[in-house]
Every structure is written in C-alpha cells, then in structure tokens.
Amino acid sequence: MKPLTGVTSVLLKELRAALRGSRAALLLTVYVGLALIAARLVYGAVAGQIGSGPPIFSAQVGQAIFIGLTLTVQGLTVFLAPATTVNSVSAEHERRTYDLLAATPLGPGQLLVGKLLTGIAFALLLLIAVLPLFSIVLMFGGVTIADILRVLATVLASAVAGAVLGLFCSALTRQTYSATLLCYALLVALVGGTLLAANFWSLTHAMEPAPPAYLAANPLSAVGSALARTRPPEVLSPEMLRPVVFLSLLTQGVVVELQGARVTLPLYRATLVIYGAVSLALFWLSLHLVRPRRRWVPDKADAAMLAVVLAYGALVALARPWWEQGVRLP
C-alpha cells in the first residue's frame, strides 16, 4: 500500500466516524457559543463604562473584545484539541480491532498520521467556525489583520501540539480513560505549573516580573504575548474589564520598560519552536508505541523521523535571532 493512499484511507474513515454523530455538532455549538458569549460580555463591560469616566474610543472597544475573544478561544482550544485524538489508538484496542489493522498493509506511521490529521482537521474546523466573530473586532477598529493572523497562528500551533499530546497518551496507555486522565493532568501541570513557577520567582525576587523563559511553554501566556501589542490604554476600569487584568497575569515579564518605553517581547515565537520540537518527539515515540512487536528496533520510519528532526533543528538554528527575541531582553 502506498503511504499517501494509506494515510488518505485512514483520514477519510476517521472523518466519517467523527462527523457522523451529534458529538461534532455539539462541540461546534459549544465552542462558537462560548466564544460569542465572551465577546458579548466584554462588550457589555466596556459599554457600561461609557459616560462614567474618561472617554472610550471605538478602537479601545475593539481591542478589549479582541482580547476577551482570543483568550476564550485559546482556552477552549488548549483543552479541546487533545480530545480529538486522545481515544484514537486506545479505542482500537478497546474495540479489539487493532490486531486487524496490524494485519493489513497499513503501517504504524500511516495509521498515526491519518489519525493525527483527523484531529488537526477537526481543530481547524473549530477555528474556521469561530472566524466570523473576529470580523466584529474589525468593525470597531484598533486591531489589524496582522494581529488576528498572529493570534490565530499561535492558537493553531497550540491545537496541533495538543492533538499530538492526545495521540501520544492514547498510544502509551491504550485505554481511553487512562489516556484522558494522563493528558489533562499534563495540561493542567503545564498551564498551572508554569504560572506558579513564575509567581514563585517573583515572590523570591522582590516582586519583580519573572523572566519570560518561565512562561515560554505556557499556551495562554504565548497567546497573551501575541495580544500584548493590542492592549488598550489604561483608561478602562479593572473592576469592569477582567480580560485586560487577566492578560497582565499571563504575560509577566513579557511587557517591559526599557529607557522609558514599553517593549513587548514576542514570547509566542519561542513557544512555536518549543511546541514544534515537543510534537516531533512525542510523535516519534508514538510511532514505536503502536508497533505490535519489536517496538524499539530502528527501521525506515526512524530514519525518516531523524531526517525531519535534523531539518527542524537546522531551521531552528537559522531562525535563532527571530525566536530568541521572545525570551531575551534587547
């Protein structure tokens, strides 16, 4: 069986199974509905300040809605993306169909790539469904197309990394329940652990902002750094506009004062590099975990993965001046 044909067959089969029932429609509805509710709440919070303080311009309203909408979308994506693949391998074992797949000409690499592409395709579908909400932001102004593209690229990278994490946990445990527990325990540790480490560093260093490297692996901090350039002026009441306050908590050390000017470090660039490296490592391990026998004996797939990793390492080395700006002060 040709590699492309095998991947396509798995992809089409998984997409039919994923989109056939009501689960996909329910996830889409919840995803878009929560994003819409977040945008409406932020707009209501900003509109409630009109006439009770300094004047609020249309661009500031657009920036505030953009922050609230993006943080909601990223938060939903971080925790929904792994769900698209967390049962991809374990379900085959639980249905006792994995041995049948192993007996076909379909290789482990084709199986994993097809299932991973299915999860990424569904995550991409969620992002496409929520895109019209970002057009509301453009109506108010204060946000450019480049800002939206930068944020969406960060969200998409988080979705891909989450899908790979779910696939790895599914291949490792071979039980959907155990894979789900492991996957979300790792997610909570990543998101909460990095923020806790950054706050602990601040407490032990006279409340100074933690170095941005502490938050480089945090998906919420990454999208927060992509949003920091569109932060509205400090004329909005913190009590009325929680998203702006929450953005400050997520981006400790990202917005710094240098020679009297505020500089925003592009932390999301380093996050993209980290997620790419981790995704390759987890996918490579998953290739060995799904093998029915001789799991850790090198084969042609390892040679291909080694070539991809070396190419990625060379690309990261060449782009070092670009991504290093996100974790190092100028």
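Can you go through LEU247, LEU172 and tell me which one is part of a helix (DSSP H, G or I), among the aliphatic types (A, V, I, L, M) and either modelled with pLDDT under 85 or surrounded by fewer than 16 Cβ atoms within 10 Å (Cβ to Cβ) (or both)? Spell out the reasoning first.
Numbers: LEU172 fails: either modelled with pLDDT under 85 or surrounded by fewer than 16 Cβ atoms within 10 Å (Cβ to Cβ) (or both).
Only one candidate qualifies: LEU247.
Within the stretch 113-131, can one find any residue that is crowded, with 23+ Cβ neighbours inside 10 Å, among the polar types (S, T, N, Q) and in a helix (DSSP H, G or I)?
Yes, the conditions are met somewhere in the stretch 113-131.
Residues of the stretch 96-112 being not small (Gly, Ala, Ser) and not in a helix (DSSP H, G or I), which ones?
If we filter the stretch 96-112 for residues that are not small (Gly, Ala, Ser), which is where we start, we get 96-101, 104-106, 108, 110-112.
Residues satisfying the conditions are ARG96, THR97, THR104, PRO105, LEU106.
To keep it simple, each residue is scored yes or no on (1) assigned to a helix (DSSP H, G or I); (2) at pLDDT 80 or above; (3) at negative phi.
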residue: LEU156; (1), (2), (3): yes, yes, yes
residue: THR180; (1), (2), (3): yes, yes, yes
residue: GLY253; (1), (2), (3): no, no, no
residue: GLU257; (1), (2), (3): no, no, yes
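Residue-wise test of (1) within 19 Å of ILE274 (Cα to Cα); (2) among the hydrophobic types (A, V, I, L, M, F, W, C); (3) surrounded by 10 or more Cβ atoms within 10 Å (Cβ to Cβ).
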{"residue": "PRO292", "(1), (2), (3)": "no, no, yes"}
{"residue": "TRP296", "(1), (2), (3)": "no, yes, no"}
{"residue": "ASP299", "(1), (2), (3)": "no, no, yes"}
{"residue": "MET305", "(1), (2), (3)": "yes, yes, yes"}
{"residue": "VAL308", "(1), (2), (3)": "yes, yes, yes"}
{"residue": "GLY313", "(1), (2), (3)": "yes, no, yes"}
{"residue": "LEU318", "(1), (2), (3)": "yes, yes, no"}
{"residue": "TRP323", "(1), (2), (3)": "yes, yes, yes"}
{"residue": "GLY326", "(1), (2), (3)": "yes, no, yes"}
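Taking the stated definitions as given, is ILE128 over 30 Å from SER90 (Cβ atoms) and within 16 Å of the chain's Cα centre (by Cα)?
Values: over 30 Å from SER90 (Cβ atoms): no; within 16 Å of the chain's Cα centre (by Cα): yes.
No: the conditions fail for ILE128.
Go through the stretch 203-224 and give me each residue that's over 20 Å from LEU186 (Cβ atoms) and surrounded by 16 or more Cβ atoms within 10 Å (Cβ to Cβ).
Once the filter is applied, which keeps residues that are over 20 Å from LEU186 (Cβ atoms) and surrounded by 16 or more Cβ atoms within 10 Å (Cβ to Cβ), the stretch 203-224 yields PRO209, ALA210, PRO211, PRO212, GLY224.
Which one of these does ARG96 not meet: (1) at pLDDT 80 or above; (2) buried (at least 20 other Cβ atoms within 10 Å of the Cβ); (3) farther than 25 Å from VAL42 by Cα?
For ARG96, the exception is condition (2).
Name, by its number, the condition in (1) crowded, with 18+ Cβ neighbours inside 10 Å; (2) more than 29 Å from THR97 (Cβ to Cβ); (3) in contact (Cβ under 8 Å) with a residue 60 or more places away in the chain that does not hold for SER279.
The failed condition is (2).
ALA185 passes all but one of (1) assigned to a helix (DSSP H, G or I); (2) in contact with a helix residue (DSSP H, G or I) (Cβ under 9 Å, 6 or more places away or on another chain); which number fails?
With (1) assigned to a helix (DSSP H, G or I); (2) in contact with a helix residue (DSSP H, G or I) (Cβ under 9 Å, 6 or more places away or on another chain) applied to ALA185, the lone miss is (2).
Among GLY142, GLY166, which is buried (at least 19 other Cβ atoms within 10 Å of the Cβ) and under 15 Å from SER286 (Cα atoms)? Steps first, answer last, please.
Values: GLY142 fails: under 15 Å from SER286 (Cα atoms).
GLY166 is the lone residue from the list that is buried (at least 19 other Cβ atoms within 10 Å of the Cβ) and under 15 Å from SER286 (Cα atoms).
Can VAL78 be described as crowded, with 20+ Cβ neighbours inside 10 Å, assigned to a loop (DSSP other than H, G, I, E, B) and at pLDDT 85 or above?
Details: crowded, with 20+ Cβ neighbours inside 10 Å: yes; assigned to a loop (DSSP other than H, G, I, E, B): no; at pLDDT 85 or above: yes.
The answer is no for VAL78.
Taking the condition modelled with pLDDT of 80 or more and assigned to a loop (DSSP other than H, G, I, E, B), does VAL297 pass?
Numbers: modelled with pLDDT of 80 or more: yes; assigned to a loop (DSSP other than H, G, I, E, B): yes.
It is true that VAL297 is modelled with pLDDT of 80 or more and assigned to a loop (DSSP other than H, G, I, E, B).
Write out, first by first residue and then by second, each pair whose Cβ atoms fall under 6 Å of each other, whose residues are 6+ apart or on separate chains, and whose first residue, in the stretch 177-201, is small (Gly, Ala, Ser) while the second is part of a helix (DSSP H, G or I).
From residues that are small (Gly, Ala, Ser), the pairs are ALA179/SER90; ALA179/CYS169; ALA179/SER170; ALA179/THR173; ALA197/TYR214; ALA198/TYR214; ALA198/LEU215.
The values are calculated or read from the model by the stated rules, or taken from the named source; none is laboratory data. Remember, predicted model here, so these are calculated numbers, not experimental data. Please note: Cβ atoms are built from the backbone with ideal geometry, for glycine as well, and neighbour counts cover all protein chains shown.
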